[in-house]
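Here the structure comes first, spelled out in structure tokens, and everything after it is commentary.
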Amino acid sequence: MQSVTFDNRRVVPSKVVCVGRNYVEHIKELNNETPDTMVLFNKPNSAITDELRYIQDDCRFEGEICFLIEAQKIAGLGFGLDLTKADTQNKMKAKGLPWERAKAFDGSAVLSRFVRFDGDITTLEMRLYLNDKLQQHATYDLMIYKPDKILSEILSFMSLEDGDIIMSGTPKGVTVYQKGDQLKAEIYLDGDLVLDETFIAR
């Protein structure tokens, strides 16, 4: 089973629950419709990794603020890359079919370490740099669905085990990557840098 680091210990998530279309500008950049309800999908434990691998030319990264759950509450804060096979997803969407082939493949949830969540959740901010250039920027205010709403919606129909992870959606700026590209993520809380992680595409 794949694991992540939380508070300097290894934790095994049973699943990763992802929020789709949670930022207005991202919805626009992909020409998607704004959903009437929260879009949720799962990645299995086998999708989890801490290494960014080159998959194929159309595979894009989607940087996201992530939460680790304990006792049905947000306990940890981290960063994740939701890797997406864009061409495959577009074909699935056009036919009204599920996205697993495009979103849930092995190694598609690239996750940082997680730190203990302690602060004002409304001050959350994420920055992602591609080869030292700011590529994506997310804040609490830009989220359509805030973390507490996401958590309550998931728990309304699905159990969350200790160690499960929520990927809260991606802001605008998603794009493809190549071998050798460097992605540096920064998470801020209360204006302070609480986590930074660098991934090199292998």
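Key figures for this structure:
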quantity: Residues that are surrounded by 15 or more Cβ atoms within 10 Å (Cβ to Cβ) and either outside any strand (DSSP E or B) or charged (D, E, K, R) (or both), drawn from the range 107-118; calculated: Gly107, Ser108, Ser112, Arg113, Phe117
quantity: Selected residue (only one of Arg53, Arg60 is in a strand (DSSP E or B), modelled with pLDDT of 95 or more, of a type outside the set (S, T, N, Q) and surrounded by fewer than 21 Cβ atoms within 10 Å (Cβ to Cβ)); calculated: Arg60
quantity: Residue pairs meeting the criteria (Cβ under 7 Å; at least 6 apart or on separate chains; first in contact (Cβ under 8 Å) with a residue 40 or more places away in the chain and of a type in the set (Ser, Thr, Tyr), in the range 48-64; second assigned to a loop (DSSP other than H, G, I, E, B) and exposed (fewer than 15 other Cβ atoms within 10 Å of the Cβ)); calculated: Tyr54/Gln178; Tyr54/Lys179; Tyr54/Arg202
quantity: Residues located in the range 63-75, provided they are over 13 Å from Leu151 (Cβ atoms) and more than 8 Å from the chain's Cα centre (by Cα); calculated: none
quantity: Test: residue in the range 88-100 that is outside any helix (DSSP H, G or I), among the polar types (S, T, N, Q) and at pLDDT 95 or above; calculated: no
quantity: Top-ranked residue of the range 31-49 - restricted to ones that are surrounded by 15 or more Cβ atoms within 10 Å (Cβ to Cβ) and out of contact with any Lys or Arg (no Cβ under 7 Å at 6 or more places or on another chain), ranked as farthest from Gly76 (Cα to Cα); calculated: Met38
quantity: From the options Lys103, Lys149, residue that is surrounded by 17 or more Cβ atoms within 10 Å (Cβ to Cβ) and basic (Lys, Arg); calculated: Lys103
quantity: Where a residue in the range 154-167 is under 17 Å from Gly20 (Cα atoms) and its partner, wherever it lies, is of a type in the set (D, E, K, R) and not in a loop (DSSP other than H, G, I, E, B), with Cβ under 7 Å and at least six apart; calculated: Met167/Glu64; Met167/Asp82
quantity: Residues of the range 85-111 that turn out to be farther than 15 Å from Arg60 by Cβ and acidic (Asp, Glu), as a count; calculated: 2
quantity: Pairs, first within 26 Å of Glu51 (Cα to Cα) in the range 83-96, second among the β-branched types (Val, Ile, Thr) and part of a strand (DSSP E or B), C-beta under 7 Å, six or more apart; calculated: Leu83/Val110
quantity: Count - residues of the range 15-39 that are out of contact with any Gly (no Cβ under 7 Å at 6 or more places or on another chain), of a type outside the set (D, E, K, R) and more than 17 Å from Ala86 (Cβ to Cβ); calculated: 7
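Matching residues to (1) over 27 Å from Met38 (Cβ atoms); (2) over 17 Å from the mean Cα position of the chain (by Cα); (3) of a type in the set (Ser, Thr, Tyr):
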residue	(1), (2), (3)
Leu151	no, no, no
Ser156	no, yes, yes
Gly163	no, no, no
Gly180	yes, yes, no
Lys184	yes, no, no
Ile187	no, no, no
Asp192	yes, yes, no
Leu195	no, no, no
Phe199	yes, no, no
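The values are calculated or read from the model by the stated rules, or taken from the named source; none is laboratory data. Being a predicted model, the structure only gives us computed values, none of them experimental. Glycine gets a Cβ as well: all are built from the backbone with ideal geometry, and neighbour counts include every protein chain shown.
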